[in-house]
Structure formats: C-alpha cells, structure tokens
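Undergrad: Here it is, the structure in full.
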Amino acid sequence: AYARDKDGRLPIHYAAREAGDEGEMDALEILVRDAPETAMMSDHWGRLPLHDAAAGAMNYADAVELLLAVAPAAATTADVNGQFPTHHAAYFGNWDCVELLLVAAPHTASAVDTQGHVPGQDQRAQATVATGANAAQDGSH
C-alpha cells in the first residue's frame, strides 16, 4: 500500500484512477480500509488519489464519494498546478463527480489555477460548475 513508483504514485492513486474497471473499486475499498492515510498522500505533482478519481476515464462518483468520506480535506487540496479535484473532474466532463466535489468544497468552483483557468473552460462546463456551486451553497443538490 505504501510502495511508490518513479512518479511518487501509490497503489491507491492507480486504484482511484481506474475505479470503474473490474476489480479496481474493490482494490480501492481495501486500500482505503487498510491504509486510510494514503488517501491524503500526494504524488510528485501534488495530486491526491481524489484528483485521480475525479479525472477517471469514466465518471467515478463512487470512488470520489469513498475518498471524500475518508479524506474530506482532499477536496480542498490543490496540486502543484493549483488545480483542485474539481478542475480535474470538470476537465474530463465527470459531472457527477463535479457535483460531489462542489458540495464538499464550493469555493473550488471559482478557484483559479496557475495557468489562470477555473474548473471547466467551455460554456457547458462553466454552467455545470456554477450550477453545482449554487446548489452546494443552498444546501440542495
């Protein structure tokens, strides 16, 4: 659970990134259960497993929910590029993940990264992020 690769990534980073693949959600659940502190361990780019789950090739809301439960502070942790998990989820169009992340950290909807970008650069992403932030502030979703 603690072995890092050349990029500083732990097994939990890979399990979070591939949580939609067969067996990977099970692996993520085991890693979270047996080594919950790894949910707040970053790779060389400052990315936590939550960043990886948010950027998953599929909409990994279950993985995001699990990681938020064990490490809620991860939602408010930016990587070395100043990107929060919300940036990653919006970039990949993972709208269910965006919603979960905005409930956990509404201020990240307008967080500017080191390149001057806010989560979601196209109009659809911006509308979704803004709607999610409003719902999070209102306590609804």
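The values are calculated or read from the model by the stated rules, or taken from the named source; none is laboratory data. Every value quoted in this text rests on a predicted model; they were computed, and no experiment measured them. Methodologically, a virtual Cβ is constructed for each residue, glycine included, from the backbone with ideal geometry; neighbour enumeration extends over all protein chains shown. Surface areas here come from the heavy atoms of the whole protein model, side chains and all, with no ligands, DNA or RNA. Shrake-Rupley method; radii C 1.70, N 1.55, O 1.52, S 1.80 Å.
Undergrad: Using the structure shown, decide if residue 77 is open to solvent by less than 70 Å² (accessible area, probe 1.4 Å), closer than 18 Å to residue 14 by Cβ and of a type in the set (S, T, N, Q). First the steps, then the outcome.
TA: Working: open to solvent by less than 70 Å² (accessible area, probe 1.4 Å): yes; closer than 18 Å to residue 14 by Cβ: no; of a type in the set (S, T, N, Q): yes.
No; evaluated as a whole, the condition is false for this residue.
Undergrad: So, of the residues in segment 32-52 that are among the acidic types (Asp, Glu) and in a helix (DSSP H, G or I), which turns out to be farthest from residue 93 (Cα to Cα)?
TA: Keep residues of segment 32-52 that are among the acidic types (Asp, Glu), which gives 34, 37, 43, 52.
Next, only the ones that are in a helix (DSSP H, G or I) stay: 34, 37, 52.
Working: 34: 31, 37: 28, 52: 14 Å.
Looking at residues that are among the acidic types (Asp, Glu) and in a helix (DSSP H, G or I), I get 34.
Undergrad: Look at segment 44-74 and say how many of its residues are closer than 19 Å to residue 115 by Cα and crowded, with 18+ Cβ neighbours inside 10 Å.
TA: Kept after step one, since they are closer than 19 Å to residue 115 by Cα, are these residues of segment 44-74: 44-47, 51, 55.
Subset that is crowded, with 18+ Cβ neighbours inside 10 Å: 47, 51, 55.
Selection size over segment 44-74: 3.
Undergrad: Next question. Looking only at segment 1-42, which residues are exposed (fewer than 13 other Cβ atoms within 10 Å of the Cβ) and out of contact with any helix residue (DSSP H, G or I) (no Cβ under 8 Å at 6 or more places or on another chain)?
TA: 5, 6, 7, 22, 23, 26, 33, 34, 37
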